[in-house]
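Peer 1: First the structure, which I've put down as structure tokens, then a few questions once you've had a look.
The values are calculated or read from the model by the stated rules, or taken from the named source; none is laboratory data. Bear in mind that the values here come from a model prediction, so they are computed numbers and not experimental data. Cβ placement follows ideal geometry from the backbone for every residue including glycine, while neighbour counts extend to all protein chains displayed.
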Amino acid sequence: MTHQFDAIVVGSGITGGWAAKELTEAGFKVLMIERGRAIEHGDYSRETKAPWDMPFRGEGDPDLYAGDYPVQRLNRHFTEFTQDHFVNDRENPYATEAETAFTWFRSYQLGGRSLTWGRQAYRWSDYDFGANKRDGHGTDWPIRYADLAPWYDHVESFIGVSGAREGLAQLPDGQFQPPMALNAVEVALRDKIRAKWPERVLTIGRTANLTQGKPDEGRNPCQYRSICARGCSFGAYFSTQSSTLPAAMKTGRLTVLTDKVVEKVDYDPVTKRVTGVRWLDTKDRSRGSATARMVFLNAGAFNSVHLLLNSASEAMPHGLANGSGVLGTHIMDHANTMGALAVMPGFELHTSFGNRPTGIIIPRFRNMERLDGVGHTRGFSFQGGALQSGWSRGKREAGTGAQFKEALRQVGPWRMVLVSFAECLPRPGNRLTLDRTRTDANGLPLLNIAFAFGKEEHAAVAEAHACATEMLTHAGGQVLFGSDTPGPGGTAIHEMGGARMGFDPATSVLNGHSQAHGIANLFVTDGAQMSSSACQNPSLTYMALTARAAAYAKEQAQAGAI
Amino acid sequence: MADHDPSLWKRRDVLGGAALFALAVGLPVAAIRLTDLSPDDRPTPRLRRMLREVSQLVIPRSDTPGAGDAGVGDFLIFALAHGMEGTGEPFSHPGTDLPLRANGSLRHTHWLETELDRRGNGDWLALSPTRRAEMLAALDHQAFPDGPPPAVLSPWRAIKGLILTGYYTSQIGGAQELRYALIPGRYDADLPFSSHDRAWSSDWTAVDFG
């Protein structure tokens, strides 16, 4: 059979860009299909606007947000400056089970959520890849850290990750650019925590913002604006536009289609191969298709599962690659909430300049060598940072007149925030299905989400709250607020799973190469492939798994197996 | 309000002064187009004067323009008409007769006008500047009592919040009263603090977390 392309990549976000880069650099002719509009690097229309340039001063139109962005507006990075980088909820509905509260944050555009992501880039460890085997939840990962370590090296070196080496088994060091600095409060907190609890290490966030430019790739160092989600024409943070897309385009082997939503992946039951994809043009409503030797799904965890479910056929009536029946199940998101927020007295003579685009992390310290978690067997970690209050503190304070104005002229007290991220167990009942009664604007069945945290996540978040409180209090902080209850699913924007990896085709969708069991030329390399969730950000691991899968696909193609 | 009101000349002086001041700093008095609002939300001239005055009392003129000078009175009208700062949500305030919209939200502008006039013997604007400031300070103090926030929050809290938003996100408040750096270009993690240093309105995280 003659194919139009060697590979089709569905999606252009963090992993789609990586798949396109690696596959084109491997010599393949690649078609990348994006459902959203094209955005050129540098064409970020609100990047340099000041609040006074904006109709709603950067806070946005409440009526518009209530009607069109009721979910997306809950994202911390969603503002009047960034709203065009998020989906319109009214035009892109999803369904939830009656008891499910799930905030699904999405960005349908060239670059996907790589434009709006939090840029935290952490390796996972064998505590994470061994977690399911250790406590029996979910299915064992078919890979371990050693399988992925060289691919982490590869990805970090290319995207640029700044961070400090700490020698921690639970958060392995990587190929780091120089770290951004801790501020005075964070340095003091790090020292006080470590003196009392040596296993608790506060370190600067490992972030995909460059501290050293990469001029050969047209990328400049971070300018310390911390307005990344507007888009960065300096190319200082990793996005598809700044990094992988130019690399893939440079090969001359990449074709990009935008405004086309893939409706179905075609499957040939005779050859047991996928043959290509079909799409709907969302602008002119025309339909099209392309064939390829292999297909990579990188539509985002839930949308890749959605596409597999929508690709049911006579041969695979329950969804493509769903011979096991587990497709859509075991979805996860980190249990996420404000662990503690404290005023930190004693630093009144210190201040800082510039907007650092990362905070700190206190990696997991529970359930490592021994199971010492209270009511849970996995990990939790903290992210956050210290900041000096600005003018908006005046909204909570009494005062009018000259003295009030004079007080707000200066920075306010230092505050320290610790946000809890607890590992989410993979559960069969947390799952994605097709809503058979409702369709979206493209005529596709709505994706239905059933999700709830269990007692383990609640226990972990409660313990995290206690730990955050004791650490900040020990360091002299006055805790103002903290939560022992996770926010709704989706809050962490780390939704994953649904097409999990595993050894056994009867209980998993993908093998250890992100390759569908029984369909050798179908790969799913976004968050859908995850078998467990760890308690640190997953995007770096998705990228490493994508690069690894692309290399495997090349080997298989050369061997004639694909 | 009739033209023979004895306080009118004072108000004209205030408004004239504001216009001259705005001319000096190169900004229009009102950058907001109130004509774009629905008829229900368009202010009377009196209400417009009152909101300008209230804004100026919260953030007065010093070596930089005040909030009234910066057009925050009109921003308030715009922001409240659009429900910013949560003011578009249904309002429940037991035991009072309040001006509500069809959707159940409070007409904060009308509430404030009524409340200030009630405190000001029927015409708050007719009071002396000192008395106006004292009454607004009293209203503010009652809305922000010492200790935890009261169970029923005064509508003034949202109005004051919007006055601060309007001022510190204006060019005057954000870049003259405070400092604004679109491109800091570097991060200095630990600098000695000087009480002469002005805060950065462009520290977005600080604004987010207060």
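Peer 1: Out of the residues in the stretch B:170-201 that are more than 7 Å from every other protein chain (Cβ to nearest Cβ) and touching a Pro at 6+ places or on another chain (Cβ under 8 Å), which is farthest from A:GLU59 (Cα to Cα)?
Peer 2: So the residue we want is B:GLN176.
Peer 1: Give the residue that is surrounded by the fewest Cβ atoms within 10 Å (Cβ to Cβ), with candidates limited to residues of the stretch A:409-427 that are out of contact with any His (no Cβ under 8 Å at 6 or more places or on another chain) and more than 7 Å from chain B (Cβ to nearest Cβ).
Peer 2: A:PRO413
Peer 1: Let me confirm something: among B:LEU51, B:LEU57, which residue is within 9 Å of chain A (Cβ to nearest Cβ) and part of a helix (DSSP H, G or I)?
Peer 2: Exactly one of B:LEU51, B:LEU57 is within 9 Å of chain A (Cβ to nearest Cβ) and part of a helix (DSSP H, G or I), namely B:LEU57.
Peer 1: OK, next. Are any residues in the stretch A:22-49 without any contact (Cβ under 8 Å) to a residue 24 or more places away in the chain and under 30 Å from A:GLN556 (Cα atoms), and if so, which ones?
Peer 2: none
Peer 1: Of everything in the stretch A:26-61 that's within 21 Å of B:ALA79 (Cα to Cα) and not in a loop (DSSP other than H, G, I, E, B), which residue is farthest from the other protein chains (Cβ to nearest Cβ)?
Peer 2: A:ASP53
Peer 1: Now for a separate question. Any chance the stretch A:62-73 includes a residue that's in contact with a helix residue (DSSP H, G or I) (Cβ under 8 Å, 6 or more places away or on another chain), within 14 Å of chain B (Cβ to nearest Cβ) and within 30 Å of A:PRO246 (Cβ to Cβ)?
Peer 2: No, because not a single residue in the stretch A:62-73 is in contact with a helix residue (DSSP H, G or I) (Cβ under 8 Å, 6 or more places away or on another chain), within 14 Å of chain B (Cβ to nearest Cβ) and within 30 Å of A:PRO246 (Cβ to Cβ).
Peer 1: Based on what the data block shows, is A:ASN75 more than 18 Å from the chain's Cα centre (by Cα) and of a type in the set (S, T, N, Q)?
Peer 2: It is false that A:ASN75 is more than 18 Å from the chain's Cα centre (by Cα) and of a type in the set (S, T, N, Q).
Peer 1: Every residue in the stretch B:83-138 that is among the polar types (S, T, N, Q) and either in a helix (DSSP H, G or I) or in contact with a helix residue (DSSP H, G or I) (Cβ under 7 Å, 6 or more places away or on another chain) (or both), please.
Peer 2: B:THR87, B:THR109, B:THR114, B:THR130
Peer 1: Between A:LEU168, A:LEU210, A:LEU182, which is touching a residue at least 40 places away in the same chain (Cβ under 8 Å), within 23 Å of A:PHE421 (Cα to Cα) and out of contact with any helix residue (DSSP H, G or I) (no Cβ under 7 Å at 6 or more places or on another chain)?
Peer 2: A:LEU168
Peer 1: Still on this structure, I have one more. Kindly provide the set of residues from the stretch A:1-18 that are hydrophobic (A, V, I, L, M, F, W, C) and farther than 18 Å from A:PHE86 by Cα, ordered by number.
Peer 2: If the condition is that a residue be hydrophobic (A, V, I, L, M, F, W, C) and farther than 18 Å from A:PHE86 by Cα, then A:MET1, A:PHE5, A:ALA7, A:ILE8, A:VAL9, A:VAL10, A:TRP18 are the ones that fit.
Peer 1: What number goes with the only condition from (1) more than 14 Å from A:GLN120 (Cα to Cα); (2) buried (at least 23 other Cβ atoms within 10 Å of the Cβ) that A:ARG206 does not pass?
Peer 2: A:ARG206 satisfies all of (1) more than 14 Å from A:GLN120 (Cα to Cα); (2) buried (at least 23 other Cβ atoms within 10 Å of the Cβ) except (1).
Peer 1: Within the bounds of the stretch A:457-472, is there any residue that is in contact with a His (Cβ under 7 Å, 6 or more places away or on another chain) and closer than 20 Å to A:LEU74 by Cβ?
Peer 2: No, the stretch A:457-472 contains no residue that is in contact with a His (Cβ under 7 Å, 6 or more places away or on another chain) and closer than 20 Å to A:LEU74 by Cβ.
Peer 1: Considering only the stretch A:211-232, how many residues are buried (at least 21 other Cβ atoms within 10 Å of the Cβ) and touching a strand residue (DSSP E or B) at 6+ places or on another chain (Cβ under 6 Å)?
Peer 2: Residues in the stretch A:211-232 being buried (at least 21 other Cβ atoms within 10 Å of the Cβ) and touching a strand residue (DSSP E or B) at 6+ places or on another chain (Cβ under 6 Å): 2 in total.
Peer 1: Can you find, within the stretch B:98-129, the residue that is surrounded by the most Cβ atoms within 10 Å (Cβ to Cβ) among those that are within 14 Å of chain A (Cβ to nearest Cβ) and within 16 Å of B:ILE163 (Cβ to Cβ)?
Peer 2: Selected residue: B:HIS108.
Peer 1: Let me ask another. B:ARG132: at pLDDT below 95 and within 13 Å of another protein chain (Cβ to nearest Cβ), yes or no?
Peer 2: So B:ARG132 fails the test.
Peer 1: While we're here: Could you please find all residues in the stretch A:222-251 being free of Cβ contacts under 8 Å to residues at least 40 places away in the same chain and not in a helix (DSSP H, G or I)?
Peer 2: Those that are free of Cβ contacts under 8 Å to residues at least 40 places away in the same chain and not in a helix (DSSP H, G or I): A:GLN223, A:PHE234, A:ALA236.
Peer 1: Considering each residue of the stretch A:74-83, count those that are out of contact with any helix residue (DSSP H, G or I) (no Cβ under 7 Å at 6 or more places or on another chain) and more than 8 Å from chain B (Cβ to nearest Cβ), and give that number.
Peer 2: 5
Peer 1: Counting just the residues of the stretch A:387-408 that are among the aliphatic types (A, V, I, L, M) and at the interface with chain B (Cβ under 10 Å from one of its Cβ atoms), which one comes out nearest to B:TYR187 (Cα to Cα)?
Peer 2: Among those that are among the aliphatic types (A, V, I, L, M) and at the interface with chain B (Cβ under 10 Å from one of its Cβ atoms), it is A:LEU387.
Peer 1: Can you pull out the residues in the stretch A:66-104 that are touching a Ser or Thr at 6+ places or on another chain (Cβ under 7 Å), assigned to a loop (DSSP other than H, G, I, E, B) and crowded, with 23+ Cβ neighbours inside 10 Å?
Peer 2: A:THR82, A:PHE86
Peer 1: Tell me, which strands (runs of 3 or more DSSP E) wholly within the stretch A:333-378 include 2 or more residues that are in contact (Cβ under 8 Å) with a residue 40 or more places away in the chain and more than 19 Å from the chain's Cα centre (by Cα)?
Peer 2: Passing ranges, in order: A:335-343, A:350-353.
Peer 1: Only one of B:GLY66, B:GLY73 is at pLDDT 95 or above, surrounded by 15 or more Cβ atoms within 10 Å (Cβ to Cβ) and outside any helix (DSSP H, G or I); which?
Peer 2: B:GLY66
Peer 1: Please give the number of the condition A:PHE380 fails out of (1) buried (at least 24 other Cβ atoms within 10 Å of the Cβ); (2) closer than 30 Å to B:LEU153 by Cβ.
Peer 2: It is condition (2) that A:PHE380 fails.
Peer 1: Continuing with this model, one more query. Go through the stretch B:139-169 and give me each residue that's at the interface with chain A (Cβ under 9 Å from one of its Cβ atoms), outside any helix (DSSP H, G or I) and within 27 Å of B:HIS82 (Cα to Cα).
Peer 2: Selection gives B:PHE144, B:PRO149, B:THR169.
Peer 1: I've got another one for you. Looking only at helices (runs of 4 or more DSSP H) that fall completely inside the stretch A:105-197, which ones have 3 or more residues that are touching a Lys or Arg at 6+ places or on another chain (Cβ under 7 Å) and among the hydroxyl-bearing types (Ser, Thr, Tyr)?
Peer 2: Qualifying helices (runs of 4 or more DSSP H): none found.
Peer 1: Mind telling me which of the residues B:GLY173, B:GLY210 ends up being of a type in the set (Gly, Ala, Ser), closer than 11 Å to A:TRP391 by Cβ and either surrounded by fewer than 19 Cβ atoms within 10 Å (Cβ to Cβ) or touching a Cys at 6+ places or on another chain (Cβ under 7 Å) (or both)?
Peer 2: Only one candidate qualifies: B:GLY210.
Peer 1: Within the set of pairs 6+ apart or on separate chains, which have a first residue in the stretch B:124-143 that is without any contact (Cβ under 8 Å) to a residue 40 or more places away in the chain, a second that is in a helix (DSSP H, G or I), and C-beta atoms under 6 Å apart?
Peer 2: Pairs that qualify, where the first residue is without any contact (Cβ under 8 Å) to a residue 40 or more places away in the chain and the partner is in a helix (DSSP H, G or I), are B:MET135/B:ARG119; B:LEU139/B:TRP156; B:ALA143/B:TRP156; B:ALA143/B:ARG157.
Peer 1: Out of the stretch A:374-422, which residues are within 20 Å of B:ASP140 (Cβ to Cβ) and among the charged types (D, E, K, R)?
Peer 2: A:ARG393, A:LYS395, A:ARG396, A:GLU397, A:LYS405, A:GLU406, A:ARG409
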